[in-house]
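Okay, structure first, notes after.
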Amino acid sequence: MPLLQINHLSLDFDRGGRSLRAVDDVSLHVDAGETLCLVGESGCGKSVTALSIARLVPAPPAKYTGGEILLNGRDVLQMSQRELQAIRGGVVSYVFQDPTASLNPVFRVGHQIMESLRLHRPERANAAEVVRLLKLVGIPAPESRALDYPHQMSGGMQQRVMIAMALASEPKLLIADEPTTALDVTIQAQILELLLDLKRRLGMAILLITHNLGIVGDMADRVAVMYAGQVVEEAPALELLRRPRHPYTKALMNSVPKLRGNLPRLPAIAGNVPSLGDFPSGCRFAPRCPVARPECAASAPALLEIEPGRRVRCPYTTPL
Amino acid sequence: MSLLEVKNLQVHYPVKHGVFSRVKAHVRAVDGVNFSVAPGETLGLVGESGCGKTTLGRAIVKLVEPTAGQIIFDGEDIAGLSGAQLRARRRKFQMIFQDPYGSLNPRMNVGQIIGEAIDIHRLADSTSARQKRILDLLRGVGLDPSHVHRYPHEFSGGQRQRIGIARALAVEPELIVCDEPVSALDVSVQAQIINLLQDLQQQRGIAYLFIAHDLAVVEHISQRVMVMYLGKVVELAEARTIISAPKHPYTQALISAVPEVDPDSKRQRIILPGDVPSPMHPPTGCPFHPRCPLAQLPRCSTEAPALREVAPGHLAACHFAQ
């Protein structure tokens, strides 16, 4: 049994009486100890999908319209408030993009980590455990840094504190939503290295949400690519990077400049990312797809398994 | 002859403190920078937050006042100019900003935004000539001319950046400072804007100072690349050379830290310890020495390395670069 199994999840947002489907029939799984990268551009539904795992998308305005989210076999969508409290920051912990906005500015960081310990591991809620966690995430002089307020720390250090807080409950699944997007390149490298190291040492699974395909190659065991609310491709990470099968994945990979790429001109994807409520009918990528056929606009393609562990939402993927 | 020549440029911000707002210290945001840009050339400028790259870009278009140094544009030093004299020269250099929404007035429609630039510099002698110019500019940046009466909020991020580009082009500049022009855009839209900037350069011969933190984007668009750290230029070379054979240890670490899409690239990631120091209290000697894997004490902590030519056209500020 996988640690996390999302089956046919659909989620609507109510906007001015209109129901807009932000997540459309998404199925994913994360096994214990593995890293799944969820890749996509703004508005593709990747963050909403991730937040719904601990039912953190407020309903209303959201409405969970279908599917199930099985965490250790138990459906999150059926849980009581009490059970949800226990899994939030418990079995599942989150790290978000902007650590400055996620930390409380008026409490010392040690205090904030202690708070997480009191909730989830009261037997270990002591100063020594706080210091151990800060040391675990590579903060130098943890005894004195525990007394710092968030503003006394750099962005990279703040993100390490966020990770320490997330680890306080010894989660089985760490959900990191663009954890390095707000950081500089050299600090990003430090945080990614830390996540890899923690995963090895603690054996937890990571769901990493990113728009950066480069991070996928460094971090992921498997990848799911989302576009306009749907999963369009899912594959083992190296397979996907070497042989992308969905036209969107291919186009996205080609349009990103690479170091030593030596291309005179970038093969850009035409048009814009469709926004919620304006998703095209039929195949949602068809209006921008370089290999679209007339029938693509008419019928919505299904997500089909083309080989074990590889699913693609396009009937015209070239055979290997 | 170069279009732009910057000599020993310094921008120091005073840090004020206490009841009488006494100046306590200075942040040396840009600390003695020299470089030049040729007509029609793209010079890339990379560095991490706080390295002074944005301040440098703004100083060149005189949005911040330089503390010292020369900015020689078309043979004339503009560093000390102000008022009407500066306004007359400003037509030749423009800027494009990172946040395409924050840099467009939400109460003006596209025609007014672009028209304002034309009016200030009196570039159209009749209403019809003005209107024709606006519509031509919209077409030139790939926007539908019929959208001329729309407001910024009605456009997507990529389209807004196109409006910002059209506004900069309206006065026919010779140099555009592009400050992170694609980093706020979706990945699939970034390539469109990069291609547009390259096309416009070819058609009109504009030079760019292209500021970005994404090394792959900078390598792609630039002929030469300059790397800054704590207000100083640490390396400057041809784009391909600096990426494939960087001489400065900071540049080496920066390039190795870029996550690469190609899973088969065999690179050794250099993880730098610590954070970028505060520009208010820069380290003594070489500003990079506390994080440098090659630092040799006491030389690196006492003696600031000069930016010197280590190979033809390749400058690096490291005692040990060869």
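Throughout, read-outs are computed from the coordinates displayed, never taken from laboratory work. For clarity, every value in this text was computed on a predicted model and none was experimentally measured. As a convention, Cβ positions derive from the backbone with ideal geometry for all residues, glycine included, and neighbour counts pool all protein chains shown.
Results, tabulated for the structure shown:
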read-out: Distance in nm between pseudo-label sites at B:MET1 and B:SER49 (7 Å out along the Cβ direction from Cα); value: 4.2 nm
read-out: Centre separation in Å (Cα based) which lies between segment A:233-273 and segment A:57-99; value: 32 Å
read-out: For the protein assembly as shown, size of Cβ-based charge dipole, Lys and Arg +1, Asp and Glu -1, in debye; value: 640 debye
read-out: Anisotropy class of segment B:80-163 from Cα gyration tensor, a/c 1.5 cut; value: oblate
read-out: Built amide H within the under 5 Å cut-off of A:ILE175, gap 5+; value: A:SER93, A:TYR94, A:VAL95, A:LEU207
read-out: Options B:THR302, B:VAL234, B:PRO277, ranked by Cα towards positive dipole end of segment B:184-322, top entry (Cβ charges); value: B:THR302
read-out: Segment B:224-252-segment B:1-60 distance, computed between alpha-carbon centres (Å); value: 17 Å
read-out: Computed over segment B:252-315: relative contact order in percent, which uses C-alpha pairs under 8 Å that are six or more apart; value: 23 percent
read-out: Charge sum, other residues only, whose C-beta stays under 12 Å from A:ALA224's C-beta, Lys/Arg counted +1 and Asp/Glu -1; value: +2
read-out: Spatially close lysines, pair count over segment B:14-135: Cα under 27 Å, gap of eight or more or interchain; value: 9
read-out: DSSP-defined antiparallel bridges as percent of all bridges, the protein assembly as shown, nearest 5; value: 60 percent
read-out: Computed magnitude of the charge dipole of segment B:147-188 (debye, nearest 20; Cβ of K, R +1, Cβ of D, E -1); value: 220 debye
read-out: Least to most buried among B:VAL217, B:VAL310 (fewest other Cβ within 10 Å first); value: B:VAL310, B:VAL217
read-out: Among B:LEU137, B:PHE20, B:GLN94 the positive-end extreme of the charge dipole of the protein assembly as shown (Cβ point charges); value: B:PHE20
read-out: Exposure proxy ranking, count of Cβ atoms within 10 Å, fewest first, for B:GLU235, A:GLU143; value: A:GLU143, B:GLU235
read-out: More than 33 angstrom apart: percent of Cα pairs within chain B; value: 30 percent
read-out: Residue exposure sequence - A:PHE96, A:PHE279 - by fewest surrounding Cβ within 10 Å; value: A:PHE279, A:PHE96
read-out: Highest-MSF residue in chain A out of A:GLY17, A:GLY110, A:GLY33 [GNM, Cα springs under 10 Å]; value: A:GLY17
read-out: Surrounding net charge for B:GLY102, when Lys and Arg each add one and Asp and Glu each subtract one, Cβ distance under 13 Å; value: -2
read-out: Separation between Cα centres of segment B:124-162 and segment A:106-125, rounded to whole Å; value: 55 Å
read-out: Debye, to nearest 20: dipole size of chain B, +1 on Lys, Arg Cβ, -1 on Asp, Glu Cβ; value: 720 debye
read-out: Amide H within-cut-off set for B:THR42, under 5 Å, with H built and near neighbours excluded; value: B:TYR208, B:GLN223, B:ARG224
read-out: Spin-label model distance (nm) - B:SER82 vs A:HIS8, 7 Å beyond Cα toward Cβ; value: 7.1 nm
read-out: Amide N of segment B:298-322 lying under 13 Å from the label point, which is placed 7 angstrom from the Cα of B:ALA245 along Cα→Cβ; value: B:310-315, B:322
read-out: Computed E for B:GLN131/B:ALA38 - FRET, C-beta separation, R0 25 angstrom, nearest 0.05; value: 0.10
